[in-house]
Amino acid sequence: CAALLNHSCSPNCILRYKLGAINNMGKRQYHPPILQIVACRDIAFGEELSHSYVDLALCTEERQARLMETHGFVCECKRCKQGGCSMELPKRREEWELWPLRKEFQAQEKNSSMQTKSNCMKVYLDDAMTRCLGLSGTEQAHIIQQSHVLQEKANQSMVNGDALGELHNLHKATELYTTRGRGGTEWLSPFHGQLYSVRCSYLSALLANGQIHQAVEECEHVVSFLAVAFSHVQNHPLLGLQLYTLGDLYAAASTMGDGRSLSEGKKYATKSTYAYTWAKKVMMVTHGANDPMVQTLDDNIANGVKP
């Protein structure tokens, strides 16, 4: 039973539910959900099995607050102790943006020009998700507050049926973070948690309004954030699902007759296969080989996308 597993912010297991199965007659048999405990990364001999009680995309301060509020304890896991979990990122902070996505795609492409470890450094996960330069704590808090206000304005615009207002406010919210990262003395990590929240809202609004090419760009950033936030887990269902979405968006962009060149369509088609391949690698663990989405990914990869 999952209740027997202790919490860790650096878990080695995830929970999933088996909702139904296809019998040998090709018919779906329904049964009460079956809870499955699945290893999401390599587990050392004698290591205790654990899963997370909170959202792993949160920074340590937020996770600790949630755990104290809902479960009444202070977590002392590997990730909560400074130095416990880290990942490789470029030494040049200007190259952090979309780094996890570029790294994976170029690895699939077997591109030898990809940066080696000598051009990278180890960065603690919390630092990767909160690091800034040239900004005081008060200035950071002001940016975060402004982005919350703009998100609220966007929500109100959506309620009022003002799609342009919604998109405008969410775009302004992303710019609060991104304009500071373009060669200036002020810099906020592209993996900042509040920026991720804004990008998720912006992605949803772009999709609702059929703006596929801009949605591709936002989904790339969302995937890159999740790849960083879950880097210590190796396989997380949310990363797999967002990669699936990104593959679909690349596929849609590759076939849009909007004046873009055939070569650009082919690039989107290639990226679609890369995203589907990465999604399958994750979802084989998080969802299982018999999951309908994983089987669809198999078909998408085998058939390819034709621009």
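The values are calculated or read from the model by the stated rules, or taken from the named source; none is laboratory data. Everything numeric in this text was worked out from a predicted model, so none of it was measured. Here the Cβ is made from the backbone with ideal geometry for all residues, glycine too, and neighbour counts use every protein chain on show. The area values use the complete protein model at the heavy-atom level, side chains included, leaving out ligands, DNA and RNA. Shrake-Rupley method; radii C 1.70, N 1.55, O 1.52, S 1.80 Å.
Is it the case that ARG79 is under 25 Å from VAL223 (Cα atoms) and modelled with pLDDT of 90 or more?
Against the criterion (under 25 Å from VAL223 (Cα atoms) and modelled with pLDDT of 90 or more), ARG79 qualifies.
Residues to consider are THR60, THR70; find the one that is among the polar types (S, T, N, Q), at pLDDT 90 or above and open to solvent by less than 60 Å² (accessible area, probe 1.4 Å).
After applying the criteria, what remains is THR60.
Could you list, in sequence order, the residues of the range 258-277 that are of a type outside the set (D, E, K, R) and surrounded by fewer than 14 Cβ atoms within 10 Å (Cβ to Cβ)?
GLY259, SER261, LEU262, SER263
Of all residues being of a type in the set (Gly, Ala, Ser) and more than 17 Å from the chain's Cα centre (by Cα) in the range 199-214, which is surrounded by the fewest Cβ atoms within 10 Å (Cβ to Cβ)? Just the residue, please. Give the steps one after another, and end with the answer.
Kept after step one, since they are of a type in the set (Gly, Ala, Ser), are these residues of the range 199-214: 201, 204-205, 208, 210.
Now narrow it down to the ones that are more than 17 Å from the chain's Cα centre (by Cα): 205, 208, 210.
Numbers: ALA205: 23, ALA208: 13, GLY210: 8.
Of everything passing the filter in the range 199-214, GLY210 is surrounded by the fewest Cβ atoms within 10 Å (Cβ to Cβ).
Every residue, every condition in (1) within 22 Å of the chain's Cα centre (by Cα); (2) open to solvent by less than 50 Å² (accessible area, probe 1.4 Å); (3) polar (S, T, N, Q), yes or no:
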site: ARG79; (1), (2), (3): yes, yes, no
site: LEU89; (1), (2), (3): yes, yes, no
site: TYR124; (1), (2), (3): yes, no, no
site: ARG131; (1), (2), (3): yes, no, no
site: GLY137; (1), (2), (3): no, no, no
site: MET158; (1), (2), (3): no, no, no
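Assess whether SER147 counts as being polar (S, T, N, Q) and either in contact with a Ser or Thr (Cβ under 7 Å, 6 or more places away or on another chain) or touching a residue at least 12 places away in the same chain (Cβ under 8 Å) (or both).
yes
Under 7 Å by Cβ, and 6 or more places apart or on different chains, what pairs join a residue from the range 215-236 that is open to solvent by less than 10 Å² (accessible area, probe 1.4 Å) with one that is modelled with pLDDT under 95 and of a type in the set (Lys, Arg)?
Between residues of the range 215-236 that are open to solvent by less than 10 Å² (accessible area, probe 1.4 Å) and residues that are modelled with pLDDT under 95 and of a type in the set (Lys, Arg), the close pairs are VAL233/ARG41.
Taking the residues in the range 278-307 that are in a helix (DSSP H, G or I) and of a type in the set (Gly, Ala, Ser) as candidates, determine which candidate is surrounded by the most Cβ atoms within 10 Å (Cβ to Cβ).
Step by step, filter the range 278-307, then rank; the result is ALA279.
Listed residues TYR202, TYR177; which is of a type outside the set (A, V, I, L, M, F, W, C) and either assigned to a loop (DSSP other than H, G, I, E, B) or at pLDDT below 95 (or both)?
TYR177
For the range 49-88, what are the residues that are touching a strand residue (DSSP E or B) at 6+ places or on another chain (Cβ under 9 Å), closer than 22 Å to SER224 by Cα and free of Cβ contacts under 8 Å to residues at least 60 places away in the same chain?
The answer is SER52, VAL54, GLY83, SER86, GLU88.
Inside the range 139-152, can you point out the residues that are of a type in the set (A, V, I, L, M, F, W, C) and loosely packed, with under 14 Cβ neighbours inside 10 Å?
Residues of the range 139-152 of a type in the set (A, V, I, L, M, F, W, C): 141, 143-144, 149-150.
Once the filter is applied, which keeps residues that are of a type in the set (A, V, I, L, M, F, W, C) and loosely packed, with under 14 Cβ neighbours inside 10 Å, the range 139-152 yields ALA141, VAL149.
LEU241 - would you say it is within 16 Å of the chain's Cα centre (by Cα), surrounded by fewer than 18 Cβ atoms within 10 Å (Cβ to Cβ) and modelled with pLDDT of 95 or more?
yes
Mind checking which residues of the range 67-107 are charged (D, E, K, R) and farther than 20 Å from HIS232 by Cα?
GLU69, ARG92, ARG93, GLU94, GLU95
What residue, among those in the range 92-103 that are open to solvent by less than 40 Å² (accessible area, probe 1.4 Å) and part of a helix (DSSP H, G or I), is farthest from VAL123 (Cα to Cα)?
Result: LEU101.
Suppose we keep only residues that are modelled with pLDDT of 90 or more and charged (D, E, K, R) within the range 93-114. Which one would you say is farthest from ASP55 (Cα to Cα)?
GLU95
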